[in-house]
1. Explain nothing, just the number: relative contact order of chain A, from Cα pairs under 8 Å at least 6 residues apart, as a whole percent.
2. Can you compute the FRET efficiency between A:GLN54 and B:THR78 using 1/(1 + (r/R0)^6), with r the Cβ-Cβ distance and R0 = 51 Å? Round to the nearest 0.05.
3. At q = 0.14, 0.16 Å⁻¹, what is the log10 ratio I(q)/I(0) for the stretch A:250-334, with the Debye formula run over Cα points and no solvent?
4. Kindly rank A:260-272, A:89-101, A:125-137 from highest to lowest mean number of other beta carbons found within 10 Å of each residue.
5. Under Stokes-Einstein, with the Kirkwood radius over Cα pairs standing in for Rh, what whole-number D in µm²/s applies to the stretch B:25-103 at 10 °C and 1.306 mPa s?
6. Just want to confirm a number: the relative contact order over the stretch B:41-107, from Cα pairs under 8 angstrom separated by 6+ residues, in percent.
7. Where Lys and Arg each count +1 and Asp and Glu each count -1, what net charge lies around A:GLU133 among other residues with Cβ under 10 Å from its Cβ?
8. Please compute, for peptide B:44-57, the average count of beta-carbon atoms on other protein chains lying within 10 Å of each residue's beta-carbon.
Amino acid sequence: MTSRKVLLIFLACVVLVFPTFAQELRGTGDLGLIVERAKGSIQLIDTTKHTLLQRVEGLGDTSHASAVFSRDTRYAYVFGRDGGLTKVDLLTGKIVKRVLQSGNSIGGAISQDGRFIAAANYVPGGVKIFDSETLEQVADIPAYSDATQALSRVVGLEDSFGNRFAFSLFDAGEIWLADLSEDPRHPKLTQYKNIGNQPYDALVTPDGRWYVAGLYGEDGMAVLDLWHPEKGVRRVLREYGRGEQKLPVYKMPHLETWAASGNLVFIPGVGRHEVVLVDISTWQLVGRIPVAGQPVFVMSDPTGRRLWVNFAFPDYDTVQVIDVESRSIIHTLKPGKAVLHMEFTPRGEQVWISVRDANRVDIYDTTTFKKLGELPVDAPSGIFFSARANRFGL
Amino acid sequence: MKPYPWLTTLLLLGCALPVQAENLPVARQQELTRFVRQECGFCHGLRLTGGLGSSLTAEALKDKPAETLIATIRYGRTGTAMPGWAPYLSEADTEWIVDALLKGFPE
């Protein structure tokens, strides 16, 4: 063997073996990602060490991107505004697969058994279901409404038990339930008509039982009991805010699975600068807490004791913390212009906050409100931690 | 009595539009570019290709009169999610934005 050959073989060994040795074994339970909304990229992060691990590029239009996680919490599925669905390996930072599944998408969900990814689309309106392993399309559900004789934009796509997905038709005012438990290629559809004007987003409670859609076009909300879907959709809170002048809404609020604690769900008022408390057992309004602006996210920390609230333009430099028991604001933070999202670590000891114009993500201690650190991230928006894999509706 | 007062108004408006837009300081134009991409982008998309709000590309707006678009931006559209921006955008700002949207919005 020539020395040249020996050298080549040696080099090949180094190239093949080195990566395995260079990266120590690690878990994924404390990993996550932050969306860089203007760059088409995400940052992978470590919530134990408070570090940026790596930027992953080439995800298309990430301006309203969101993510769900595989049930082994190794992979993230990122839904881009441009209809891109990208599967990213959290450990290697590689894009495993990417498909352009629609023209304009708004988010998605993963089935209870982790086998299917569902994407909610504006253009063309509907839901598409993909195999989570291969991203091969399994089913296509056009949101064609007989009432409007057109495809409707889909919002509020949530997963629940029994491998079901629930979603709302913004233009048609309908809620649909797609059941994949028998034949994933032909989901069984249940359609609820006339559920209210312009459902804009929805949540499911952490137990997966209640699907709650917020209405933009009229007062109140639409509620579906997933234990008893045969009972139909119920309208609740129809009297809330009736006759009151609405304030302009410069950014649509979001409804979050995180906004539930004990028997209560917390809903952003629409056109009203308040957080609304609703008792799940009766679906009655039990409180209204005035806040600094139009709430966008109302998120209960994982202990359910406190709510963290951020706001729409022009109050988006502010975050307020509400104590659930006393229903009062106990802290106000000013992280800076354009707080777009907040995410709690799995047991809630920290909260990570994205501050878009400062190109920064701030990390706070949720008990003392002390800032623990900050990370440079380009125009950060959504923050998603891998522990979401183990919860419904995120 | 002046004949056709509305004609004068229209003419004035027609002349005022491009002039106003040109007159906006470059710094303000840059601010507005960012503002539209970011704040309007929440609903219309960062690339303004539409989302909950309609598409605001030059192609999508080409047959719409500037006056209507200006009024929509300043006062919003009742019954839809489009809010009025008059408290935050002056008339000159709004005219510049519409002019820029119709030409194809800058990056």
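1. Values: 1081 pairs, mean separation 44.6, N = 394.
About 11 percent, as a whole number.
2. Working: r = 47 Å, r/R0 = 0.93.
Taking R0 as 51 Å, the efficiency between A:GLN54 and B:THR78 is 0.60.
3. Cα-only, vacuum Debye calculation for the stretch A:250-334: -0.39, -0.52.
4. Numbers: A:260-272: 20.7, A:89-101: 16.2, A:125-137: 18.6.
So the order, starting with the most tightly packed, is A:260-272, A:125-137, A:89-101.
5. Details: Rh = 12.6 Å.
This corresponds to a translational diffusion coefficient of 126 µm²/s.
6. On the way: 68 pairs, mean separation 18.3, N = 67.
Reported as a whole number, the value is 27 percent.
7. Taking every other residue near A:GLU133 into account, the sum is +1.
8. That average works out to 4.
Read-outs: derived from the displayed coordinates by stated rules, not from any lab. Predicted model only: the values in this text are computed from it and were never measured. Virtual Cβ from ideal backbone geometry, glycine too; neighbours counted across all protein chains shown.
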